[in-house]
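One structure is given below, encoded as structure tokens.
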Amino acid sequence: MQSAVNATVAIMQSGLPVARIEFLDENMVDACNRFSKLDLDVSPTLFLEFHGSKSNIDAQGRIADICVPITALPNMISFAKNELQRLQLLGLILGHVGDGNFHVILIFDSKNLEEIKRVDEFSTILAKESLRMNGTITGEHGIGLGKKQLLIDEFGTQGINTMKSIKKALDPLNILNPGKCTQRYASSQALATDLKSIVGNDNVGTSTAIREQHSHDESYHAYVIPFVRCLSFDHCIYRGHQPDVVVFAQSTEHVSNIVKYCASKRIPIIPFGTGTGLE
């Protein structure tokens, strides 16, 4: 009994996202065994149910979803298996093979930046191989944010411009899924130029070193705002993704003007760091 209480206290103090903890004494466990035909040890027992935010759950796994002609499916699956082995990734393959559509569920450590890079590499390689086999980069999960560049590879600039024209005609105010298919700025450099006019040249970083640092270093306490144009996950932002631009805001006025600018362009902002603050 005391061990169960001690375990409960330790769990609650650990910060684990526990939805509920249920305690059963040995008599209740025995009753459950008899009623539900279970084979639990007849002793005081804790049952735990975990929960977490959708982003936390999504960030621990990723699905690579492509589709190829049925005749190309065996070769495509073999290709995927070989790439998983080459990149030393754990991937589970399943899907609706009747129409050439299959998924690779990748399990990885979201804190391992090197492994994340291999996951991204696999997803891109798999999509490009599906195009080479006259397939498509997604069978049913859609493009999201992570496959925007691959969408260009599949349909070309002319195809994308046609999509933009249709989107503009149906949604002139760009209030429906902003940023999914169209960019509000031409490039990261163009974005950086605009931001420099707000905070000054010395307060905008675009180098690889700066962007890498602010993709994962939570110990950095300066007030930093990374701007992310294209994410590799369809539905969430997670540690390890490099922002396009990093801005070091020096005043509340800077922050206000940055937020106004990004709101007008519909550019996502991610406040960075723990203990973030301004004098």
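Throughout, read-outs are computed from the coordinates displayed, never taken from laboratory work. In this text the structure is predicted, and so the values were computed from the model without any measurement. Neighbour counts run over all protein chains shown; Cβ positions are idealised from the backbone, glycine included.
Things to note:
- Ser207, Ser110 arranged by Cβ crowding within 10 Å, fewest neighbours leading: Ser207, Ser110
- Applying 0.36 nm per residue to the separation of Gln250 and Leu38 and subtracting their alpha-carbon distance, the gain on full extension is 70.1 nm.
- Computed over region 57-142: relative contact order in percent, which uses C-alpha pairs under 8 Å that are six or more apart: 42 percent
- Paramagnetic reach from Asp99 in region 139-158 [backbone N under 13 Å; point 7 Å along Cα→Cβ]: 139-142
- Residues with amide H under 5 Å from that of Cys67, placed H, sequence gap 5 or more: Thr136, Thr138, Gly139
- Förster-model FRET efficiency, 51 Å R0, Gln85 and Val259, C-beta, rounded to 0.05: 0.65
- As a rough footprinting exposure proxy, the listed residues Phe50, Phe79 were ranked by other beta carbons within 10 Å of their own, and the order from fewest upward is Phe50, Phe79.
- Estimated distance in nm for a label pair at Thr45 and Asn203, the labels positioned 7 Å out from Cα along Cα-to-Cβ: 6.0 nm
- GluC sites (Glu not before Pro) restricted to DSSP loop in region 71-174 with at most 14 other C-beta within 10 Å: Glu140
- Net length gained if the chain between Ile11 and Glu212 were fully extended (0.36 nm per residue, minus Cα distance): 69.0 nm
- All lysines inside 27 Å of Lys196 as judged from Cα atoms, apart from same-chain residues fewer than 8 positions distant: Lys148, Lys180, Lys260, Lys265
- Amide H contacts of Ala249 (H built 1.01 Å from N, under 5 Å, at least 5 apart or other chain): Ile225
- In terms of other Cβ atoms within 10 Å, Asp99, Asp39 run from fewest to most in the order Asp39, Asp99.
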